[in-house]
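Only one structure is covered here, and it is reproduced in the block below.
The values are calculated or read from the model by the stated rules, or taken from the named source; none is laboratory data. None of the values given here were measured: they were computed from a predicted structure. Note: ideal-geometry Cβ built from the backbone for every residue, glycine included; neighbour counts use all protein chains shown.
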Amino acid sequence: MVAMDLSEMEVVYQHPHALVDMYTHFCPGCTHGVAHRLVAEVLDEMALSERTIGVASVGCSVFSYNYLNIDFVQAPHGRAPAMATGVKRVLPDHIVMTYQGDGDMISIGAGEIVAAAGRGENITVIFINNANYGMTGGQMAPTTLPGMKTSSSPNGRDVEQAGYPILACELLSTQQGASYIARRSLHDPKNIRMAKKAIRLAFETQVRGLGFSMVELLSTCPTNWHMTPVKAVKWLEEKMIPYYPLGDYKVHPTISELKV
Amino acid sequence: MARELWKGNEAFAEAAVRAGLQAYFGYPITPQTEALEYLSARMPELGRAFLQAESELGAINMVYGAACTGARVMTSTSSPGTSLMMEGLSYIAATEVPMVLVDVVRGGPGLGTIQPSQGDYNQIVHGGGHGDYHCIVLAPSTVQEAVDQVYEIFDLAEKYRSIGVILLDGTIGQMIEPAEMPPMREIRKEIPEWAVRGGTGSNKRVLTSVHLVPEDMEVLDLRLIKKWQEVEKNEVRFTEYYMDDAKIAVVGFGTAGRIALSAVRTARALGIPVGLIRPISLSPFPYQAIKEAAAQVDHILVVEMNSGMMLEDVMKVVKDSTNVEFYGRMGGIMPFPDEILSEIQRIASGTTPSDIHPRDRWLKRMESVVDF
């Protein structure tokens, strides 16, 4: 055997600098880790880490500050867009992102997110939609599908009693201040690549000062869905995507012309 | 600088600007709205951050975010808005980032009235938000004091990485009187060591209030209390009038203290040996001054524009040998000097010591004043 000279080889793939090298606390099959990695890769590619401040939220997403190798503050439940606004208004040259789950962003924090989008707040929101409150043990969220069983909708979400899921992209894309609103899914490699491109465009929107950007990422929660990881991605594809259509809901003309 | 006529709300807003305010976030609510309006023009004119938030929840969390960057930041609101801000205040206290809140207090509970009150004493002085934390709380009795205290409290908040609150009775916010503005300070250039600014690796900073390991949380809790001991040691403020030979001490803060001073002066002219202690720092509370006064006088009359919230703090350190009385008006009603004078005269003419709580005795007396 001849030892290979690694120094001569081109690095084509590596652990992102913006992602901390550590053991994950997320459950097997959870896609939070995938989302973290995509954000980290985009921060690396755009060389933004040194001037980015993250705003963590409440729920499983709270520990995003442990995984992303950037400065972070941690907001009260639902208030991340307001806190991000405070950071951005005093540090307008910095990049500010929130990382929020569905209960956080579109239930308890619905007021803050709509207001931030309406203002055209120049921040980027990474929105993880896994159709339940994960950290508290899988209760019904605003995004829980009709008929879906959770620990607080044991007979399935009854829309007569609990109403319908809130469609965040559809809602926020009606706001004039929103410049980039897209929904992607993390259930397979192709969609993960598309999700990364959307995250890139969201940050490109902010870097250009174009206003509010948000990427919704349909995500799995095998533990609280009571499924194996493999079954969970299949369930996401078959059940969630029809209800939450993937696509670009709003793209600023400058961004739609951008090649990344 | 010469004395000028200033409305209280605009005066404290300008004082904050001169103290080097870098960002203001607020929401309209009577009787503090003039501060928001004033700063909506003044801050952009100086190239500083101003934003009218979507709610008090939004405002306090914008303050939280800005405070995490080490900026001098303030919000102002009135009682129902303060209730909404309690969540944020608890988080901010746990994260130990400095900020200033001016609470222009109105009558409550509920939507209450828009007239002046001191009904926020408990929610500001004794918490209001969850968990163990303390705010530094100052209470002005004039527009000038409001100016001076706002100007000073940023330094206190930063010194202790704490929340500074000005508990401003609606009266002071709405009244116009002469005040002298302090000089304009430079905006701070240096960023505090703990503040987020963008950093990775060993320069990465995380400002959070969550500590899932209870042992870590207890360490933070204990450290916060230890820090508070320093505040208690260094930052107690109060003022005394005619206390040298007093046998009756009136205790009142803010507007109630100011009105009581008129009553005390009239009583002195009538030959009654009465003095006034006006706590300025409500938190830390001037317990020692009250204790010393109690050793000197026979009677203490606590006057407030609430049902005796500070009364409980006074009674904590007053022994049974000193008779404690209470007089309060509520719901946006302010006491007239004559009402307090009557109380002083009643006490001076000899009251029977009683085991009944001062609040209960006051409530009984109020039956003849108000039909309730």
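Determine if region B:95-109 includes at least one residue that is buried (at least 24 other Cβ atoms within 10 Å of the Cβ), touching a residue at least 60 places away in the same chain (Cβ under 8 Å), under 19 Å from B:ILE163 (Cα atoms) and within 12 Å of chain A (Cβ to nearest Cβ).
yes
Given A:ALA131, A:ALA202, which one is crowded, with 23+ Cβ neighbours inside 10 Å, of a type in the set (A, V, I, L, M, F, W, C), under 24 Å from A:GLY29 (Cα atoms) and at pLDDT 95 or above?
It is A:ALA131.
In this structure, is B:SER76 away from every other protein chain (no Cβ under 14 Å), in a strand (DSSP E or B) and more than 15 Å from B:SER162 (Cα to Cα)?
For B:SER76, the condition - away from every other protein chain (no Cβ under 14 Å), in a strand (DSSP E or B) and more than 15 Å from B:SER162 (Cα to Cα) - is met.
From the list B:GLY20, B:GLY26, B:GLY47, pick out the single residue that is buried (at least 22 other Cβ atoms within 10 Å of the Cβ) and not polar (S, T, N, Q).
The conditions single out B:GLY26.
Condition test on A:ALA141, is it at the interface with chain B (Cβ under 8 Å from one of its Cβ atoms) and modelled with pLDDT of 95 or more?
no
Across region A:111-128, which residue is farthest from A:LEU171 (Cα to Cα) among those that are within 11 Å of another protein chain (Cβ to nearest Cβ) and surrounded by fewer than 24 Cβ atoms within 10 Å (Cβ to Cβ)?
By that ranking, first place goes to A:ARG119.
Exactly one of these conditions fails for B:VAL63: (1) of a type in the set (A, V, I, L, M, F, W, C); (2) touching a strand residue (DSSP E or B) at 6+ places or on another chain (Cβ under 8 Å); (3) more than 14 Å from chain A (Cβ to nearest Cβ). Give me its number.
(3)
Specify which of the listed residues (A:ILE166, A:ILE106) is more than 22 Å from A:TYR65 (Cα to Cα), outside any strand (DSSP E or B), hydrophobic (A, V, I, L, M, F, W, C) and in contact (Cβ under 8 Å) with a residue 40 or more places away in the chain.
Exactly one residue qualifies, and that residue is A:ILE166.
Find the helices (runs of 4 or more DSSP H) located wholly in region B:287-369 whose residues include 2 or more that are closer than 30 Å to B:THR113 by Cα, and list them.
Correct list: B:309-317, B:337-348, B:358-366.
For the subset of region B:38-60 comprising residues that are in contact (Cβ under 8 Å) with a residue 24 or more places away in the chain, in a helix (DSSP H, G or I) and among the charged types (D, E, K, R), which member is nearest to the other protein chains (Cβ to nearest Cβ)?
Among those that are in contact (Cβ under 8 Å) with a residue 24 or more places away in the chain, in a helix (DSSP H, G or I) and among the charged types (D, E, K, R), it is B:GLU56.
Name the single residue that is nearest to the chain's Cα centre (by Cα) among those in region B:142-163 being surrounded by fewer than 24 Cβ atoms within 10 Å (Cβ to Cβ) and in a loop (DSSP other than H, G, I, E, B).
Among them, the one singled out is B:THR142.
So which residues in region B:173-196 are within 14 Å of chain A (Cβ to nearest Cβ) and of a type in the set (Asp, Glu)?
B:GLU193 - this is the single residue of region B:173-196 that is within 14 Å of chain A (Cβ to nearest Cβ) and of a type in the set (Asp, Glu).
Against the conditions (1) under 25 Å from B:VAL196 (Cα atoms); (2) more than 14 Å from chain A (Cβ to nearest Cβ); (3) buried (at least 24 other Cβ atoms within 10 Å of the Cβ), where does B:ILE166 fall short? Just the number, please.
Only one criterion in (1) under 25 Å from B:VAL196 (Cα atoms); (2) more than 14 Å from chain A (Cβ to nearest Cβ); (3) buried (at least 24 other Cβ atoms within 10 Å of the Cβ) is unmet by B:ILE166, namely (1).
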